[in-house]
Amino acid sequence: MPLDFLAIGDIVTEPFIKLKDAEVHCDIDTDACTLSMRFGDKIPYESATLVPAVGNAANAAVAAARLGLTSSLRAYVGEDRYGAECLDVLGQEGVGTEFMVTEPGKQTNYHYVLWYGNERTILVKHEDFSYAAPELTEAPAWLYLSSLAANSLPYHQALIELLAAFPDTKLAFQPGTFQMKLGVAALRPLYGRADFFVCNKEEAGRILEIADVTDIKALLLSVHALGPKVVCITDGTNGAYAYDGERMLRIPMYPDARGPYERTGAGDAFASTVVAALALGKPLDEALLWGPINSMSVVQDVGAQRGLLSRAALEEYLAKAPAEYRVSEF
């Protein structure tokens, strides 16, 4: 079958360690907070849950598959049990593994998630894999590019060449930490090629190298000036905003009386679900309404994938949405 959705980025196994003996300290004048535990001591924890086959791109591939798209992932794993487990999970989720690479002598990415309250702090370490662009015989409808390791600049250049060979493939770009550190200049062709670009407002400030991220309109205009056709910026509980070159749009959170259980993957769920809706032929306004529904669902379970919805379940939430859940211009 033709490939609707090819996600490219790192895959990781994450143990979620639920802490119970810790404290959070926040600065009065900023949003900066730190997680504090006793030093040089044995600290009890509540539980540990191992979550394989996650990461921005993997989460996106699973979201797309559950929504009914033919979805595959290009990522690298090591020749170890965690790599084999990641491949098994992708297969169970209906995500194609034909572009996955198992690299001998490498370890599968393994991060630690310190889970306290409904928030998490993630200890990350990306393996230096020998990245190479996948060999494609036909154009996927969408290529979804997200988080990669610090050694990935040549890989990005190879992906730019790959996209040039498939001009009909639409690009969604959700940059990760190291991609933002590479800077706009290094990845300018990707910004300019992106049909849909998404980040949160703090990340937009990092990309634009500005400290003040309070003016959402200015952020949308500035990121759009880098080249993406549609820019979407998320703002936590304030919802999300989009700009298509003509209209400034706002999307609220999907209303849910339940508080979040664990927030990991909310941003990935929003971004990938909007792109999946676009790939399914939905207009931008409707696609933007799909994203918050999957975000709402994901934060009710542990990890970034368990709460991802099927298309039928998501459309049921959409049908039951209150009148105030709508896209508005601002």
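The share of accessible area on the chain that comes from carbon and sulfur is 51 percent, using a 1.4 angstrom probe.
Label positions at residue 26 and residue 323, each projected 7 Å from the Cα along the C-beta direction, are separated by 3.4 nm. Solvent-accessible surface of the chain, averaged per residue with a 1.4 angstrom probe and all protein chains in place: 45 square angstrom. Dipole orientation for the stretch 15-148: of the candidates 58, 118, 101, 118 has the Cα lying most toward the positive pole (charges on Cβ; Lys, Arg +1; Asp, Glu -1). Note that the stretch 59-145, at 10 °C in a medium of 1.306 mPa s, gets a Stokes-Einstein diffusion coefficient of 109 µm²/s from its Kirkwood radius over C-alpha pairs. Once C-alpha pairs closer than 8 Å and six or more residues apart are averaged by separation and normalised to the residue number of the stretch 79-167, the relative contact order reads 21 percent.
Of the residues 260, 236, 278, the one whose Cα sits farthest towards the positive end of the charge dipole of the stretch 192-329 is 278 (charges of +1 on Lys and Arg Cβ, -1 on Asp and Glu Cβ, taken about the Cα centre). If you average the C-alpha positions of the stretch 294-330 and of the stretch 1-70 separately, how far apart do those two centres end up, in angstrom? Answer, in whole Å: 19.
Close amide H contacts of residue 171 (hydrogens built in the peptide plane, cut-off under 5 Å, sequence separation of 5 or more or a different chain): 143, 195, 196.
Within the chain, 86, 199, 232 have no other Cys Cβ under 4.7 Å of their Cβ and so lack a disulfide-compatible partner by this rule. In the chain, helical runs assigned H by DSSP with n ≥ 4 each contribute -39500 (n - 2.57); averaged across all residues and rounded to the nearest 500, the mean residue ellipticity at 222 nm is -9500 deg cm²/dmol. Across the stretch 170-320, C-alpha contacts under 8 Å between residues 6 or more apart give a mean separation that, scaled by the residue count, equals a relative contact order of 16 percent.
A prolate overall shape is assigned to the stretch 266-307, the ratio a/c of its alpha-carbon gyration tensor axes (a ≥ b ≥ c) being 1.5 or greater and a/b exceeding b/c.
From most to least packed by mean Cβ count within 10 Å, the peptides 149-160, 220-231, 33-44, 52-63 give 52-63, 220-231, 149-160, 33-44.
Of all lysines in the structure, the ones whose alpha carbon falls short of 20 Å from that of residue 282, not counting any fewer than 8 places away in one chain, are 170, 229, 320. Working from Cα pairs under 8 Å separated by at least six residues, relative contact order for the stretch 1-92 is 42 percent.
Placing unit charges on the Cβ atoms only, positive for Lys and Arg and negative for Asp and Glu, gives the chain a dipole magnitude near 180 debye about its Cα centre.
The values are calculated or read from the model by the stated rules, or taken from the named source; none is laboratory data. Not measured: the values here are computed from a predicted model. For neighbour counting, all protein chains shown are included, and Cβ atoms are generated from backbone atoms with ideal geometry for every residue, glycine included. With ligands, DNA and RNA removed, areas are computed over all heavy atoms of the protein, side chains included. Shrake-Rupley method; radii C 1.70, N 1.55, O 1.52, S 1.80 Å.
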